[in-house]
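*Asks:* Right, I'll just put the structure down here and ask away after.
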Amino acid sequence: MGEPLVEIDDLHLSLVGGGGRVNILRGIDLRLVAGETLSVVGTSGAGKTTLLMAIAGLEQASAGRIRVAGVDITGLDEDALARFRRRHVGIVFQSFHLVATMTAVENVALPLEFAGAPNALERAAAALDSVGLEARRHHYPGQLSGGEQQRVALARACVARPSLLLADEPTGNLDGETGARVMDLLFNLQAEHGSSLLLVTHDPALAGRCGRCLRMNDGLLLGAAESWP
């Protein structure tokens, strides 16, 4: 095994609502090696998405440590977390989260422009070409099918060649055939770029495409998920 890209130690995350404190993550330990593909499966409410968001620095841990690409993110402020994400993390959500008033190529160029990278639009166009959307560069999200929108989101997540890809139910809003094509692209890009992939899914077939699969329940990782669901 290589060096860990992601190291999580005794991670806890709780939120306070009208009904009191809710413990969402209850002591997570995890290692993800550079270039590894890992799926996390489990029922709704198990804490899978919250774990993904904590690793991305989009949810604040209550206790414990998260270290990604040598950076301990648990003590970073919002500006530092934004810089960390631009350098190291690409995220694909179930909902596409495209900017409706921007074309496909402009959406893909966004992370490069935020990072001050040169030739952002040219690199974004090449990323769209890599997911088969060279003819749709100047279309707006509303002019694209669901599968095309998710391919734009995938190109945006990968355009900066992040060391870590996080995918949260990326086929949840797609039909089976379209979802399979999108996932083929995701795994191809992951392999091409050498990124690590952490995939949250309800789909056993999709989870099985990863090199390792862990089951999550009630805020805890319970080990390998050979018999899931």
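*Asks:* Considering only the range 110-147, how many residues are without any contact (Cβ under 8 Å) to a residue 24 or more places away in the chain, more than 25 Å from Thr171 (Cα to Cα) and in a helix (DSSP H, G or I)?
*Replies:* Residues that pass the stated criteria total 4.
*Asks:* Next question. Among the residues of the range 3-23, count how many are assigned to a strand (DSSP E or B), surrounded by fewer than 12 Cβ atoms within 10 Å (Cβ to Cβ) and not basic (Lys, Arg).
*Replies:* Residues flagged as assigned to a strand (DSSP E or B), surrounded by fewer than 12 Cβ atoms within 10 Å (Cβ to Cβ) and not basic (Lys, Arg) within the range 3-23 amount to 4.
*Asks:* May I ask you to list the residues in the range 114-132 that are farther than 18 Å from His88 by Cβ and crowded, with 22+ Cβ neighbours inside 10 Å?
*Replies:* Ala124, Leu128, Val131
*Asks:* Are there any pairs, at least 6 apart or on different chains, whose C-beta atoms fall under 6 Å, with the first in the range 45-72 and touching a residue at least 40 places away in the same chain (Cβ under 8 Å) and the second part of a loop (DSSP other than H, G, I, E, B) and among the aliphatic types (A, V, I, L, M), and if so, which?
*Replies:* Within 6 Å, the pairs are Ala54/Ala61.
*Asks:* May I pose another question? Against the definition (assigned to a helix (DSSP H, G or I), within 30 Å of Pro4 (Cα to Cα) and in contact with a helix residue (DSSP H, G or I) (Cβ under 6 Å, 6 or more places away or on another chain)), how does Gln190 come out, yes or no?
*Replies:* Criteria not met by Gln190.
*Asks:* What number of residues within the range 57-74 satisfy the criterion of being in a strand (DSSP E or B) and either of a type in the set (Phe, Trp, Tyr) or in contact with a strand residue (DSSP E or B) (Cβ under 8 Å, 6 or more places away or on another chain) (or both)?
*Replies:* Within the range 57-74, residues that are in a strand (DSSP E or B) and either of a type in the set (Phe, Trp, Tyr) or in contact with a strand residue (DSSP E or B) (Cβ under 8 Å, 6 or more places away or on another chain) (or both) number 7.
*Asks:* With of a type outside the set (Ser, Thr, Tyr) and out of contact with any helix residue (DSSP H, G or I) (no Cβ under 9 Å at 6 or more places or on another chain) as the only criterion, which of Asn217, Asn173 stands out?
*Replies:* Going through Asn217, Asn173 in turn, the sole match is Asn217.
*Asks:* Between a residue in the range 95-109 that is within 22 Å of Leu174 (Cβ to Cβ) and modelled with pLDDT under 95 and any residue that is surrounded by fewer than 20 Cβ atoms within 10 Å (Cβ to Cβ) and of a type in the set (S, T, N, Q), which pairs come within a Cβ distance under 9 Å, given they are 6 or more apart or on different chains?
*Replies:* Partner pairs satisfying both residue conditions: Ser95/Asn173; Phe96/Asn173.
*Asks:* Sticking with this structure for a sec: Which one of these is aliphatic (A, V, I, L, M) and touching a helix residue (DSSP H, G or I) at 6+ places or on another chain (Cβ under 6 Å): Leu52, Leu15, Leu98?
*Replies:* None of the other options fit; the residue is Leu98.
*Asks:* Testing Leu164 on (1) free of Cβ contacts under 8 Å to residues at least 60 places away in the same chain; (2) in contact with a His (Cβ under 8 Å, 6 or more places away or on another chain), one condition comes back false. Which one is that?
*Replies:* (1)
*Asks:* Let me ask another. Under 7 Å between Cβ atoms, at least 6 apart or on separate chains: pull out the pairs that start in the range 14-26 with a residue that is β-branched (Val, Ile, Thr) and end on any residue that is outside any strand (DSSP E or B) and surrounded by 10 or more Cβ atoms within 10 Å (Cβ to Cβ).
*Replies:* As it stands, the answer is Ile24/Gly47; Ile24/Thr50; Ile24/Gly219, since those pairs meet every condition given.
*Asks:* Could you list, in sequence order, the residues of the range 158-187 that are in a strand (DSSP E or B) and surrounded by fewer than 22 Cβ atoms within 10 Å (Cβ to Cβ)?
*Replies:* Those that are in a strand (DSSP E or B) and surrounded by fewer than 22 Cβ atoms within 10 Å (Cβ to Cβ): Leu164, Asp168.
*Asks:* Among residues belonging to the range 137-157 that are of a type in the set (Lys, Arg) and surrounded by 19 or more Cβ atoms within 10 Å (Cβ to Cβ), point out the one that is farthest from Val89 (Cα to Cα).
*Replies:* Among them, the one singled out is Arg151.
*Asks:* When residues of the range 193-229 are filtered for being modelled with pLDDT under 90, surrounded by 15 or more Cβ atoms within 10 Å (Cβ to Cβ) and either in contact with a Cys (Cβ under 6 Å, 6 or more places away or on another chain) or in a strand (DSSP E or B) (or both), how many remain?
*Replies:* 1
The values are calculated or read from the model by the stated rules, or taken from the named source; none is laboratory data. What you see is a predicted model, and the numbers here were worked out from it, not measured in a lab. Every residue, glycine as well, gets a Cβ built from its backbone with ideal geometry; the counts of neighbours run over all protein chains shown.
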